[in-house]
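Q: Take a look at this one; I'll ask things after.
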Amino acid sequence: MADQRMAGVIILHHGQIRTERYGLDWSGAGRWTSFSVAKSFTSTLVGAAIRDGAISSLNDPVTRYIPALTGSGYDGVTVAQLLSMQSGVRWNEDYTGPQSDVAQFLAQAPEGDVDPTTAYMRRLPRAHAPGTRWNYNTGETNRIGVLVERATGRTLADYLTEKVWRPAGMEADAAWLTNS
């Protein structure tokens, strides 16, 4: 574990924990930041919202659920294209560049009742036709979260708790980081 700089490993076999170990001064009681694992949770919640009838189809336009994106590069983008990061909207995910979109979008101020990241992303131009190119885009994961909230009328945390966390029998409550 030390050689690989692993903070934790768990091995399940037939629903039973067979091995659970921690390194790097972590323990089972620590709070872990999931980073990109959140994309799996938000996309799972889209599936739950479809099953619940809150989202009609993956082919629905994103603007049906996030009207603040109407008139932007997101016009004509489907829920499926947003989920698969194929919106065609320009996005720079350079973590070392202070002018990259991933660095700038969290600094956006709210605009009326539009959340800050939607306010930032609706200003981005289209670079490619929707569905023609994949481009890793953290901002679109955040838009999926907003889409689920708007479609279900519930906070993402509450919907996750009901649809995933509680049914999975998680040992501890999750913590969901949100912007102001």
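Q: Please work out the FRET efficiency for the pair H128 and H13, using the Cβ-Cβ distance as r and a Förster radius of 30 Å; give the result to the nearest 0.05. If you can, show how the numbers build up before the last one.
A: Working: r = 45 Å, r/R0 = 1.49.
Result of the calculation: an efficiency of 0.10.
Q: Now for a different question. What percentage of the solvent-accessible surface of the chain, computed with a 1.4 Å probe over protein heavy atoms, is contributed by carbon and sulfur atoms? Could the numbers behind the result be given before it?
A: Numbers: 5510 of 10780 Å².
The value for the chain is 51 percent carbon and sulfur by accessible area.
Q: What is the spin-label model distance, in nm, from S40 to R21 if the labels are put 7 Å beyond Cα along the C-beta direction?
A: Distance between the two pseudo-spin positions: 2.1 nm.
Q: How large are Rg and Dmax for region 1-58 when calculated on the C-alpha trace, in angstrom?
A: Cα only, region 1-58: 16.7, 48 Å (Rg, Dmax).
Q: Rounded to two decimal places and with Rh computed the Kirkwood way over Cα pairs, what is Rg over Rh for region 12-113?
A: Numbers: Rg = 18.7 Å, Rh = 17.3 Å.
When Rh is taken as the Kirkwood radius, the ratio is 1.08.
Q: Also, quick follow-up: Where does region 76-165 land on Rg(C-alpha)/(2.2 N^0.38 Å)?
A: In units of the 2.2 N^0.38 Å rule of thumb, it is 1.13.
Q: Between beta-carbons, use under 11 Å as the cut-off and find the net charge around A119, counting Lys and Arg +1, Asp and Glu -1. Spell out each step's value before the answer.
A: Numbers: positive: R122, R123; negative: E111, D113, D115.
Once all neighbours under 11 Å are counted, the net charge is -1.
Q: If the label point is 7 Å along Cα→Cβ of D75, which residues in region 126-148 have backbone nitrogen under 17 Å from it?
A: Flagged as within label range: 126-131.
Q: How many angstrom separate the Cα center of region 80-138 from the Cα center of region 28-62?
A: Value for the Cα centre distance between the two parts: 18 Å.
Q: In angstroms, what radius of gyration and Dmax does the chain have, counting Cα atoms only?
A: 18.2, 53
Q: Please tell me the relative contact order of region 55-180 in percent, rounded to the nearest whole number, where contacts are Cα pairs under 8 Å and at least six residues apart.
A: 25
Q: Putting +1 on Lys and Arg Cβ atoms and -1 on Asp and Glu Cβ atoms, find which of P110, A7, L83 reaches farthest to the positive end of the dipole of the chain.
A: So the residue we want is L83.
Q: While we're looking at this one, here's another question. Kindly report the accessible area of region 32-137 per residue (heavy atoms of protein chains, probe 1.4 Å, no ligands, DNA or RNA), in Å². List each step's numbers first, then the result.
A: On the way: 5430 Å² over 106 residues.
Computed with neighbouring chains in place, this is 51 Å² per residue.
Q: If the chain between A109 and Y95 were fully stretched, how many nm would it gain, using 0.36 nm times the residue separation less the Cα-Cα distance? If you can, show how the numbers build up before the last one.
A: On the way: separation 14, 0.36 × 14 = 5.04 nm, distance 2.04 nm.
The span from A109 to Y95 would gain 3.0 nm if fully extended.
The values are calculated or read from the model by the stated rules, or taken from the named source; none is laboratory data. Computed from a predicted model, the values in this text were never measured in an experiment. Reconstructed Cβ throughout: ideal geometry from the backbone, glycine too, with neighbour counts over all protein chains shown. The accessibility values were calculated without ligands, DNA or RNA, using every heavy atom of the protein model including side chains. Shrake-Rupley method; radii C 1.70, N 1.55, O 1.52, S 1.80 Å.
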